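Below is one structure, written out as structure tokens; the observations come after it.
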Amino acid sequence: MSEKPHIVKSYEEQLQLLKDTIIKMGAGVEKQLEQSIQSATKKDLSLAEKTIKDDETIDRFEVNIEEQVVNLIALRQPMAIDLRETVVALKISSDLERIGDLAKNISKRLISVGVDLPTEIVKNLEIAGLKAAKQVNSVLNSYLHRDKAVAESVWNSDEEIDQITNVNMEAAVKHLEKNKSDIKKVTQLLFVLKNIERIGDHATNVAEQTYFLITGEYLEGDRPKA
């Protein structure tokens, strides 16, 4: 049996607003992450400070999305597909908020150690950070365009960030063995690398939810991990 179209046009407009807000929140999070990485590569701590400040906007987006979902469910009678849309929106906004928190945490750690950082570790950090940012961008595109193939691709690529993180952490430890005076800097950078890995995990969560939104099914099998 085909689903009946909603009689009230404004309901469709509310659903579209919810989608648009998710995309805007995601774009803000992506910018946060890029700024936090650039603060290290460009040796510009003002970017780190901006990332921390921008997190307030991300938090407001999450609250706004929660309010939209509550209104949609409480004031309307959502059909099955729309209910899936609202529940997934809540879950995605939660993961995006966590990515924003992790980007903020990266910036705080970089501010604490300054811009005089080991070149090879900063380069590794940039590679990992850009990979994570690309994952966030891809999964947002999959949500926007309802592209299950892209969502599945992001889900399968989580292992790549894990592998990059493992290599980078080994390089950081080797640097510390030769430069024991850098212990504070390297310790903070190790936390930064783990934060980037966690960002990859949250991007993968969004990919799982997006795939479920599109297909009504969950991705099968264990998530690829390294």
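Could you tell me which residue out of SER112, THR204, ALA27 lies farthest along the dipole of the chain toward its positive end? Charges go on the beta carbon: Lys and Arg +1, Asp and Glu -1, centred on the Cα centre.
Checking the options against the dipole of the chain, the answer is SER112.
Any chance you could run the full-extension gain for LYS42 through ASP116? It's 0.36 nm times the residue separation minus the Cα-Cα distance, nm to one decimal.
Separation in residues times 0.36 nm, less the Cα-Cα distance, equals 25.6 nm.
Compare the Cα positions of SER36, GLN16, ILE92 along the charge dipole of the chain (+1 at Cβ of Lys, Arg; -1 at Cβ of Asp, Glu; about the Cα centre) and return the one farthest towards the positive end.
With unit charges placed on the Cβ atoms, the residue in question is SER36.
Please arrange GLU30, GLU62 by how many other C-beta atoms lie within 10 Å of their C-beta, fewest to most.
GLU62, GLU30
For the chain, take the longest principal axis of its alpha carbons; what is the angle in degrees between that and the long axis of helix 158-178, to the nearest 10 within 0 to 90?
Rounded to the nearest ten degrees, it is 20.
With +1 assigned to the C-beta of every Lys and Arg and -1 to the C-beta of every Asp and Glu, and no other charges, what is the dipole magnitude of the range 150-192 about the Cα centre in debye, to the nearest 20?
That gives the range 150-192 a dipole magnitude of about 560 debye.
Please list, in order along the range 119-124, the HN-Hα scalar couplings obtained from phi with the Karplus expression 6.51 cos²θ - 1.76 cosθ + 1.60 (θ = phi - 60°), rounded to whole Hz, x for Gly and Pro.
Calculated HN-Hα couplings, in order: 4, 5, 6, 4, 5, 4 Hz.
Calculate how steeply helix 45-75 sits against the longest principal axis of the alpha-carbon atoms of the chain, using the helix alpha-carbon long axis, and give the answer as 0 to 90 degrees to the nearest 10.
Computed tilt is about 20 degrees.
Go through [x] 18.5; [y] 17.2; [z] 17.9 and flag the label whose value is the computed Kirkwood radius over Cα pairs in Å for this structure.
Only one option fits the structure, namely [x].
Per residue, how much space in cubic angstrom lies within the convex hull of the C-alpha atoms of the range 68-170?
114
Dipole magnitude of the chain about its Cα centre, charges +1 at Lys/Arg Cβ and -1 at Asp/Glu Cβ only, in debye to the nearest 20?
The calculated dipole for the chain is roughly 640 debye.
Taking the Cα centre of the range 159-226 as origin, sum charge times position over the Cβ atoms of Lys and Arg (+1) and Asp and Glu (-1), and report the length of that vector in debye to the nearest 20.
For this selection, approximately 660 debye.
Only helical DSSP H runs with n ≥ 4 go in: add -39500 (n - 2.57) per run for the chain, normalise by residue count and round the 222 nm mean residue ellipticity to 500 deg cm²/dmol.
-29500 deg cm²/dmol
I'd like the FRET efficiency for GLU159 and GLU12, computed as 1/(1 + (r/R0)^6) with the beta carbon distance as r and R0 of 45 Å, rounded to 0.05.
0.70
Quick note: the coordinates plus some simple rules give every number you see, no bench work behind them. In this text the structure is predicted, and so the values were computed from the model without any measurement. Positions of Cβ are generated from backbone atoms using ideal geometry, with glycine treated the same way; all protein chains shown enter the neighbour counts.
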